[in-house]
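To start, the structure under review is shown below, and the notes come after it.
The values are calculated or read from the model by the stated rules, or taken from the named source; none is laboratory data. Not measured: the values here are computed from a predicted model. Here the Cβ positions follow ideal geometry from the backbone for every residue, glycine too, while neighbour counts run over all protein chains shown. These accessible areas exclude ligands, DNA and RNA; they are computed on the full protein's heavy atoms, side chains included. Shrake-Rupley method; radii C 1.70, N 1.55, O 1.52, S 1.80 Å.
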Amino acid sequence: MKIGFFTDSYFPEIDGVTYTIKLWREELERKGHEVYVIYPDGDYNPGEREVPVKSVSNPFYPGYRIPLTRRPSMLPDLDVVHCHGPAPIGLLGRYYARKHDLPSIYTHHTPLEEYFHQNVKFESVANALSKLYVPFENAFLEGFDIVTASTERIDRNVEHVQLPVGIDMDFFQRTDEDWYPDRTVIGYSGRLSMEKNVSEILRAAEKLPEYDFVIVGDGPYRAPLERDAPDNVEVRGFLPREDLPTFYSSIDVFLTASTADTLGLSTLEANACGTPVAATDVLPFEQTIGADNGERFAYGDLEAMVDAIETCLETDRDTRAAVERYSVEYTMEHLEQLYHNVPLSKDESPVDADAPWRFSDEERS
């Protein structure tokens, strides 16, 4: 099967969408499929079956480019279209699917309305843009045969199939190497942007001077974080991907105060490496972080965040076993079923209530 991934987020930028596309492509090609990635061009040399679209720099969100048009006739012949965002490349993918009468799937990765608040100076304007944007995306999603998302709710007015993006459990596992053998370290890995609320980690560090904190990542908020960080906080850039299992294995707790994740891949990757997670008590963590793999706290409640960290440090858990259900092998099994069965109605989707990643009510508490 020839599958087209249409995405506005791709290398050289590093984020969860980029790595998800890379992992899915590798897994699908291992199964014998051909996967083409259509993405905005930039400072990246395309490899086999990578199709760049001419683009310009983005003045509103540095690092992410604005693609221009590309004639559908110049794209490869495909059997199924899979879009990974609602921006211009996603629009191109939907148009291509319609033009060639192909089955189409959309995966919801990011609540883009959250980013208006990060990049627009006036809150009233950001709120107005968010209210305008969500109906646009709802209408856009209605044009696909199937919409998938990592959790049960995506805050969109469409039926969807729950399909977590998946973890490479062979890659993310505890390592023998320990970067911090004689220190108690609280860690974070991810994009340093407003919706990730990384400044909350600085508040925790001030409250817990006896511990060290390491923040791994980059983004528009890195400079103010470095400026405001107390002495027990180290802020460093993105690690090479091959170093992430060692980082996750070396820290004692993974801490996130994010309120805008759709799955929180880095939290589950840390769990796969044996490290508990302290996370905000919001979606998706209400569904992914339970008693077996971490603790949750109310966003903005400093004492609750500190208590969650301390409880993670004091409690033994088999966090890897808790996230086996999110293995990418399960995801690929169900994704292949979707490709072969599109356009089934959502109610007939082969991803059902017995899927292994679903937490019971008891596990979520």
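Quick notes on this structure:
- Length available on full extension from LYS22 to GLU329: 0.36 nm per residue minus the Cα-Cα distance, which gives 109.1 nm.
- Cα principal axis extents for the stretch 151-298, largest first, Å: 48, 34, 28
- Carbon and sulfur %, accessible surface of the stretch 195-277 computed with the full protein complex present, 1.4 Å: 41 percent
- With R₀ set to 25 Å, the beta-carbon distance separating ASP170 from VAL282 gives a calculated FRET efficiency near 0.25.
- Estimated FRET transfer efficiency (GLU210, GLU48; beta-carbon r; R0 51 Å; 0.05): 0.50
- Part-to-part distance (alpha-carbon centres) for the stretch 206-227 and the stretch 183-201, which is given in Å: 6 Å
- Nonlocal amide H pairs with THR175, under 5 Å, H built at 1.01 Å: SER249
- Label-to-label distance, ALA128 versus LEU239, with points set 7 angstrom from Cα along the beta-carbon direction: 4.5 nm.
- Packing around the peptides 278-291, 23-36, taken as the average count of other Cβ atoms within 10 Å per residue, puts them in this order, highest first: 278-291, 23-36.
- Above-threshold pairs, the threshold being 26 Å between Cα atoms, out of LYS31/LYS99; LYS54/LYS196; LYS54/LYS131; LYS99/LYS131; LYS2/LYS99: LYS31/LYS99; LYS54/LYS196; LYS54/LYS131; LYS99/LYS131
- Backbone amide hydrogens, once placed in the peptide plane, bring TYR36 within less than 5 Å of ILE3, GLY4, PHE5, excluding anything fewer than 5 places away on its chain.
- Mean accessible surface per residue for the stretch 200-268, computed with a 1.4 Å probe while every protein chain stays in place, in Å²: 37 Å²
- Chain lengthening between THR315 and ASP292 when straightened (0.36 nm per residue, less Cα-Cα): 7.3 nm
- Efficiency of FRET between HIS100 and GLU303 - r from beta-carbon atoms, R0 45 angstrom, step 0.05: 0.20
- Here's how it looks for TYR106: its modeled amide H is under 5 Å from those of CYS83, ILE146, VAL147, THR148, which are all 5 or more places away or on a different chain.
- For the stretch 168-250, the Cα gyration tensor yields ellipsoid semi-axes of 22, 17, 9 Å (square root of five times each eigenvalue, largest first, whole Å).
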